[in-house]
Amino acid sequence: MQTELSRRTAQNLAALQNKRLTAMIGLDAFVDEIIRVVDKRISAEEFTPVERLSDLSARIAAAAGVGTNIEFVVERKKLGGQGPIMANAMAAMGADVTCIGPFGEGAIDPVFEEMAARARLVSLGEPGHTDALEFEDGKLMLGKHQSLRDVTWERLVERLGAEELERQLSQCDLVALINWTMLPAMNAIWEKALETLARTGASGLFFFDLADPEKHDDETLAAACRLLARFQRFGPTILGLNEKEALRVADVLGYKGSGHDRANVRAVAAYISRELPVETVVIHPRAYAVAASGGEVTADVDGPFTDDPLISTGAGDHFNAGFCLGKLLGLPDDEAATAAVGTSGYYVRHAASPTLPQLADFLSTQAG
């Protein structure tokens, strides 16, 4: 990480830690099981894990036509979903958060109980489920999404109330309606939200993360990008993407470049921000982050990358929380991106969301 930038960001975060912020975040929710895949079983209690996703891929390919047995070991069960993880991180850093999603019908699922002490939860039904297989070189998310079909605008109105829903959309400092890929009714929800904002206006910032859109065709994805960009009419709008998502979005918008190096990621960020009339596009590969506005790169920062994370599932959602926090506090894009990589870096090392003082201390430590 850049020493002076990290030090300056830490000082500004510490100075602004008493500022009260409100956020409405949703609309997904999952129960995540963090899983290691067994390579060799040593005893009933001991095993060596499959270290690389590419190794699992090779094992599965070799099983074609003959079959194989693969053992999963659940390391922990935790709250999941882009909305809950981002909301939990924002709440840990002091924001007043309303998180909306399918947390359980009748009673909140136990994995969300600790979060319920930090944030207001509004449940829309039963959560989805994800088996998150973690490896040194990536992760494989195996999701069960059937219950997410219940997440609709009509259910939002039923559970939150029309007046409260309008208030949240128009008055919160941050509105994040994320995980478009896994929520079949998200386009309709965005349309209804835009209709509401046309009546009420808005006073905050809007954030979107599509989630991996690989299963959607190009036309559908491009239409969703154009739709979310319409929120810019009502307030500064941010589109957050990981590297894979960014390359796909750029492609469907007509980008002609190629490659996975840093220069291409910078070019992709600038291109998307030219094509979509949103305030900021931010892209977060594993070891750095790039932001762009108005077709120009506004931030390019290194992250506190580690080869030995305690957890990786949820790192991107913590990045999103840190970036939005920085923007809400009025930090420039390079400091907001530094807050973002710091939030993610703290989380993967501690398997916990940082408080704002912990984030500031972590950035100061990284700066030496």
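The values are calculated or read from the model by the stated rules, or taken from the named source; none is laboratory data. Predicted model only: the values in this text are computed from it and were never measured. Please note: Cβ atoms are built from the backbone with ideal geometry, for glycine as well, and neighbour counts cover all protein chains shown.
In a residue-by-residue description of the stretch 88-100, the property of being acidic (Asp, Glu) and over 23 Å from THR130 (Cβ atoms) applies to at least one position.
None of ARG59, ARG76 is touching a strand residue (DSSP E or B) at 6+ places or on another chain (Cβ under 7 Å) and of a type in the set (D, E, K, R) except ARG76. Just one of the listed residues (ASP317, ASP308, ASP334) is of a type in the set (D, E, K, R) and farther than 24 Å from PRO236 by Cβ, and it is ASP308. Close Cβ contacts (under 9 Å, 6 or more residues apart or on different chains) running from residues in the stretch 1-26 that are under 15 Å from ASP173 (Cα atoms) to residues that are surrounded by fewer than 18 Cβ atoms within 10 Å (Cβ to Cβ) and among the acidic types (Asp, Glu) comprise ARG20/ASP96; LEU21/ASP96; THR22/ASP96; ALA23/ASP96. In this structure, LEU205 does satisfy being touching a Leu at 6+ places or on another chain (Cβ under 6 Å), aliphatic (A, V, I, L, M), within 14 Å of VAL278 (Cα to Cα) and crowded, with 21+ Cβ neighbours inside 10 Å. Are any of the residues in the stretch 35-52 among the β-branched types (Val, Ile, Thr) and closer than 30 Å to LEU329 by Cα? For the stretch 35-52, residues among the β-branched types (Val, Ile, Thr) and closer than 30 Å to LEU329 by Cα: absent.
With LEU241, LEU247 as the choices, which residue is of a type outside the set (Val, Ile, Thr), crowded, with 19+ Cβ neighbours inside 10 Å and without any contact (Cβ under 8 Å) to a residue 24 or more places away in the chain?
On the way: LEU241 fails: without any contact (Cβ under 8 Å) to a residue 24 or more places away in the chain.
Only one candidate qualifies: LEU247.
Based on what the data block shows, is ALA14 surrounded by fewer than 19 Cβ atoms within 10 Å (Cβ to Cβ), among the aliphatic types (A, V, I, L, M) and within 25 Å of PHE305 (Cβ to Cβ)? Taking the combined requirement at face value, the residue satisfies it. Among the residues of the stretch 119-136, those identified as of a type in the set (A, V, I, L, M, F, W, C) and either part of a strand (DSSP E or B) or touching a residue at least 40 places away in the same chain (Cβ under 8 Å) (or both) are LEU121, VAL122, LEU124, ALA132, LEU133, PHE135. Checking each residue in the stretch 119-136 for being over 18 Å from ASP308 (Cβ atoms) and not charged (D, E, K, R) picks out ALA119, LEU121, VAL122, SER123, LEU124, GLY125, PRO127, GLY128, HIS129, THR130.
Checked against (1) in a helix (DSSP H, G or I); (2) hydrophobic (A, V, I, L, M, F, W, C); (3) over 17 Å from the mean Cα position of the chain (by Cα), ILE108 passes all but a single condition, namely (1). Within the stretch 330-368, track down each residue that is of a type in the set (Gly, Ala, Ser) and assigned to a loop (DSSP other than H, G, I, E, B). Passing the criteria: GLY330, ALA351, ALA352, SER353, GLY368.
Conditions tested, residue by residue: (1) modelled with pLDDT of 95 or more; (2) out of contact with any Asp or Glu (no Cβ under 8 Å at 6 or more places or on another chain).
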residue: HIS216; (1), (2): yes, yes
residue: THR220; (1), (2): yes, yes
residue: ALA229; (1), (2): yes, yes
residue: GLU243; (1), (2): yes, yes
residue: LYS256; (1), (2): no, yes
residue: HIS260; (1), (2): no, no
residue: ALA263; (1), (2): yes, yes
residue: PRO285; (1), (2): yes, no
residue: SER312; (1), (2): no, no
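Listed by position, the helices (runs of 4 or more DSSP H) inside the stretch 137-215 whose residues that are over 30 Å from THR306 (Cβ atoms), among the polar types (S, T, N, Q) and without any contact (Cβ under 8 Å) to a residue 40 or more places away in the chain number at least 1 are 162-171, 186-200.
Got a sec? Which of ILE34, ILE25, ILE60 is on the phi < 0 side of the Ramachandran plot, touching a helix residue (DSSP H, G or I) at 6+ places or on another chain (Cβ under 8 Å) and either surrounded by 12 or more Cβ atoms within 10 Å (Cβ to Cβ) or part of a helix (DSSP H, G or I) (or both)?
Numbers: ILE34 fails: touching a helix residue (DSSP H, G or I) at 6+ places or on another chain (Cβ under 8 Å); ILE60 fails: touching a helix residue (DSSP H, G or I) at 6+ places or on another chain (Cβ under 8 Å).
Unique residue meeting the criteria: ILE25.
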